[in-house]
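I have placed the structure first, in the form of structure tokens, so that the comments after it can refer back to it.
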Amino acid sequence: MEGNNHNKSVFVAGLLGAIFGATISLSLYRSLQVSSKKKSSEENPKEIQVKKLELNDILSVQQFTRQQIESIFSLAQKLEEHVKEYGSCDILKGKVMANLFFEPSTRTSCSFHAAMLRLGGTVIDVPVQFSSVKKGETLSDTVSCLECYTNAIVIRHPEKGAPQIAAERCSVPILNAGDGAGEHPTQALLDLYTIQKELGSIDGKTVCMVGDLKYGRTVHSLARVLGLFKDIKIIYVSPSELALPDDIKAEVAALGVSQSIENDLNNAIKKADVLYVTRIQKERMTDPEAISTISKIVVTNETMKNAKTKMCLMHPLPRVGEIAEEVDSDPRAAYFREMKNGMYVRMAI
């Protein structure tokens with residue numbers, strides 16, 4: 001097991017943006033790029049100091065410190081600028097990542113895939129429906145197979161805790177892309193990155209979370225990680241049957257976050273700097289009454305009239321009627337920018 005952790009740590013140092021454990025000069029970074037553009041002779045980039053991230057796997061937001069998150073954001077910004085100017089680089093040339101998704105995904109799967117390609121690596125997409133999983137192969141055996149061919153595995157699974165099981169079996173890093181009603185740590189990081197870009201900072205913000213807070217793993221991760229920031233207030237708007245689990249509320253409270261419950265979205269939105277809307281997780285529910293109740297919570301242009309002039313409307317997507325398409329043209333609607341930010345943050349990760 002010690003050898004496994006060593007191998008993971010070595011690769012994480014490269015996979016997590018090739019930033020941790022060393023001082024990287026921007027000039028050296030750019031020398032790795034695949035680009036025909038020539039830099040000005042006056043260019044004299046400064047060195048980027050980044051503290052080593054002591055993680056073997058990415059399984060939960062609870063693994064992170066604020067300093068580590070800020071380091072990731074700093075690199076994500078550099079990578080965003082670089083992609084816009086150069087398109088790609090060779091930082092992870094020769095590295096292979098597996099995308100192992102047991103549940104449907106568009107944004108998470110594609111953004112991880114695109115992130116790896118833009119860093120010069122390659123990707124094995126595993127079509128679970130055509131794999132040996134259909135023959136009864138266990139998760140442990142599947143990841144044991146994939147670690148023979150790859151340097152890291154991104155996994156989404158319907159069972160809470162599945163990525164942890166994979167991490168205990170594997171010698172290569174496991175990145176949690178969502179585990180049932182558990183967590184979605186990389187989504188929470190890109191959500192924070194979006195809040196910072198849209199509003200200038202995260203400290204002091206009031207975040208209103210709307211929708212399925214019981215089964216929505218994105219809010220579970222976001223609520224927890226917001227506790228690393230100062231003077232945060234969270235307002236929860238959902239049917240009582242779909243309220244945030246008490247154990248997560250307790251964890252968030254222990255971090256000093258002010259929490260409250262509001263039944264009227266039109267009233268809650270007046271206080272919100274961030275309105276974070278989630279879809280109902282129908283695939284995890286059995287209560288038809290709860291489904292019909294939450295389906296009535298819809299953000300429209302009329303709803304947005306009650307919002308602050310400077311705020312941001314977010315959604316991890318896909319949306320299934322929670323935000324009317326008429327709202328897309330509102331400059332405060334950040335969910336498509338949020339989606340784009342996902343690639344840059346996952347490049348850094």
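Among the residues of the range 319-335, the ones that are part of a loop (DSSP other than H, G, I, E, B), charged (D, E, K, R) and open to solvent by 20 Å² or more (accessible area, probe 1.4 Å) come to 3 in all.
For the range 196-212, the set of residues classified as at pLDDT 95 or above and either closer than 14 Å to residue 240 by Cα or outside any helix (DSSP H, G or I) (or both) consists of 200, 201, 202, 203, 204, 205, 206, 207, 208, 209, 210, listed by residue number. Answer yes if at least one residue in the range 231-248 is open to solvent by less than 40 Å² (accessible area, probe 1.4 Å) and under 25 Å from residue 106 (Cβ atoms), and no otherwise. Looking through the range 231-248, at least one residue is open to solvent by less than 40 Å² (accessible area, probe 1.4 Å) and under 25 Å from residue 106 (Cβ atoms).
Here 283, 338 are screened, and the one residue that is surrounded by fewer than 17 Cβ atoms within 10 Å (Cβ to Cβ), part of a helix (DSSP H, G or I) and of a type outside the set (Ser, Thr, Tyr) is 283.
If you check 272, 250 for being more than 21 Å from the chain's Cα centre (by Cα) and touching a residue at least 12 places away in the same chain (Cβ under 8 Å), only one passes: 272. Among the residues of the range 73-92, the one identified as more than 20 Å from the chain's Cα centre (by Cα) and free of Cβ contacts under 8 Å to residues at least 40 places away in the same chain is 84. Confirm whether residue 124 is open to solvent by 50 Å² or more (accessible area, probe 1.4 Å) and in a strand (DSSP E or B). Yes: the conditions hold for residue 124. All but one of (1) assigned to a helix (DSSP H, G or I); (2) in contact (Cβ under 8 Å) with a residue 24 or more places away in the chain; (3) over 16 Å from residue 66 (Cα atoms) hold for residue 189, so report the exception by its number. In the conditions (1) assigned to a helix (DSSP H, G or I); (2) in contact (Cβ under 8 Å) with a residue 24 or more places away in the chain; (3) over 16 Å from residue 66 (Cα atoms), residue 189 misses (3) alone. Of the listed requirements (1) modelled with pLDDT of 95 or more; (2) outside any loop (DSSP other than H, G, I, E, B), residue 289 misses just one: (1).
For residue 168, indicate whether it is part of a loop (DSSP other than H, G, I, E, B) and out of contact with any Cys (no Cβ under 9 Å at 6 or more places or on another chain). I'd like the intermediate steps shown before the answer.
Details: part of a loop (DSSP other than H, G, I, E, B): no; out of contact with any Cys (no Cβ under 9 Å at 6 or more places or on another chain): yes.
No: the conditions fail for residue 168.
When the residues of the range 173-209 are filtered to those that are more than 14 Å from the chain's Cα centre (by Cα) and closer than 29 Å to residue 139 by Cβ, the one that is surrounded by the fewest Cβ atoms within 10 Å (Cβ to Cβ) is 181.
Taking first residues from the range 59-72 that are at negative phi and open to solvent by 70 Å² or more (accessible area, probe 1.4 Å) and partners that are outside any helix (DSSP H, G or I) and at pLDDT below 95, the Cβ contacts under 9 Å between residues at least 6 apart in sequence or on separate chains come to 62/183; 67/51. Residues that are surrounded by 19 or more Cβ atoms within 10 Å (Cβ to Cβ) and among the small types (Gly, Ala, Ser) within the range 107-121 comprise 109, 111, 115, 121, listed in sequence order. For the range 298-318, taking the residues that are of a type in the set (Val, Ile, Thr), over 15 Å from residue 336 (Cβ atoms) and in contact with a helix residue (DSSP H, G or I) (Cβ under 8 Å, 6 or more places away or on another chain), the one that is surrounded by the most Cβ atoms within 10 Å (Cβ to Cβ) is identified as 303. Taking (1) surrounded by fewer than 22 Cβ atoms within 10 Å (Cβ to Cβ); (2) in contact with a Cys (Cβ under 6 Å, 6 or more places away or on another chain); (3) closer than 30 Å to residue 223 by Cβ in turn, residue 143 satisfies each apart from (1).
The values are calculated or read from the model by the stated rules, or taken from the named source; none is laboratory data. Just so it is clear, the model here is predicted, and its values are computed rather than measured. All Cβ positions, glycine included, derive from the backbone under ideal geometry; neighbour counts span all protein chains shown. Remember, those area values only see protein heavy atoms, side chains included, never the ligands or the DNA or RNA. Shrake-Rupley method; radii C 1.70, N 1.55, O 1.52, S 1.80 Å.
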